[in-house]
Amino acid sequence: MSRLLLLLLLPVFLLSACGSNESWEKEEVTEVSHQILAEDVKVEWKVEGSFIQLKMENKDGKPVEKFKLNHEKLLHLIIVSKDLSYFNHIHPEYKGKGIFEIRNDFPAGGEYKLVADFKPVDGGSFTKTKWVNIEGPASEAVPITVDDNLEKTVDGKRVTLSVVPLEANKELTLKFSLVDEKMNQLITDLEPYLGAIGHVVILSEDGELYLHVHATEGQGSGPEALFETEFPKSGVYKIWGQFQKDDHVFTVSYVVNVR
């Protein structure tokens, strides 16, 4: 090939290469722009008696149809009464077209906070909440009282919570220590629950602040379970810890005052 022909082809090659890079860069920017943001997703809630339906839609009113597994489930639904005395953690069934459904036996009429945790494909971890009023006779409100002693016994398991320091705006560790009360032995055979050593949810006294706490990675099966979190501001909070042993999930709760 002559030198003249090489010189003529060189600019064409360079222009072709530059065009390819430009196209690749535009493609990447387009992909980023399709990321779903929390404000782009709205939830239509339907609660009729024990029936609960959640319909996920984008800002154009079209259904959000694809979701990622989040702690082994497509959607986590937390239900708490206004006085925080009732707590339930359930997993609605996905029906397609952005619709999740489940039934929940509310213990009494009154106000309840519903909290949905989910991850759309091309999106992050989203939390959507709703206050609902359930018809029927209301039970007497249970006062929210700060626990002087953070040792509780549930289903024969003695669980002690340690939090240091119990202060707002500081990274801290929740440490649960578990003992078989009947045998007076440390519990070392906890089973994985939702892909971790346990599951922890925290709500502020008024039910407005919600914390979904993640377990520290690389833990065994007890007798301690560690979770890292940060309280956004001072005040009274209720903490629910959930663990599994012998195929049974048990829930232990504490009320703390964060300085």
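Nothing in this text is a laboratory measurement; each read-out follows from the coordinates by a stated rule. All figures in this text were calculated on a predicted structure; none of them were measured in a lab. Cβ: placed from backbone, ideal geometry, glycine included. Neighbour counts: every protein chain shown.
How big is the C-alpha Rg of the chain next to the rule-of-thumb value 2.2 N^0.38 Å, as a ratio?
1.38
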All other residues with a Cβ under 14 Å from the Cβ of Ile239 taken together, and with Lys, Arg as +1 and Asp, Glu as -1, what is their net charge?
-> -2
Roughly how large, in nm² to one decimal, is the mean projection of the convex hull of the alpha-carbon atoms in region 154-220?
-> 5.8
Extension gain, Val164 back to Val146 (0.36 nm per residue minus Cα-Cα distance, nm) = 4.8 nm
Of the residues Glu93, Glu224, Glu44, which exhibits the maximal mean-square fluctuation in a Gaussian network model of the chain defined by a 10 Å Cα contact cut-off?
-> Glu44
Share of antiparallel DSSP beta bridges in region 33-125, in percent to the nearest 5?
-> 95
To the nearest 10 degrees, the tilt of helix 3-33 (Cα long axis) against the first principal axis of the alpha carbons of the chain is 20
Just name one of Asn133, Asn88, Gln219: the one whose Cα is farthest towards the positive end of the charge dipole of the chain (beta-carbon charges, Lys/Arg +1, Asp/Glu -1).
-> Asn133
Which whole-angstrom value gives the distance between the alpha carbon centres of region 39-83 and region 106-135?
-> 7
Leading residue at positive end of dipole, region 140-192 (Cβ point charges), from Thr145, Ala168, Gly156 = Ala168
Expected 222 nm ellipticity per residue - DSSP helices of 4 or more, -39500 (n - 2.57), all of the chain, to 500 | -4500 deg cm²/dmol
Given charges of +1 on the Cβ of Lys and Arg and -1 on the Cβ of Asp and Glu, with all other atoms neutral, how large is the dipole of the chain about its Cα centre, in debye to the nearest 20?
-> 460
Here, region 31-134 modelled as identical Cα point scatterers in vacuum has Debye log10 I(q)/I(0) at q = 0.14, 0.16 Å⁻¹ of -0.53, -0.68
Mind checking which of Lys55, Lys238, Lys66 has the largest fluctuation in a GNM of the chain, springs on alpha carbons under 10 Å?
-> Lys66
Treating the beta-carbon of each Lys and Arg as +1 and of each Asp and Glu as -1, no other charges, what is the dipole magnitude of region 38-134 about its Cα centre, to the nearest 20 debye?
-> 120
Could you please rank Met183, Met56, placing first whichever residue has the fewest other Cβ atoms within 10 Å of its Cβ?
-> Met183, Met56
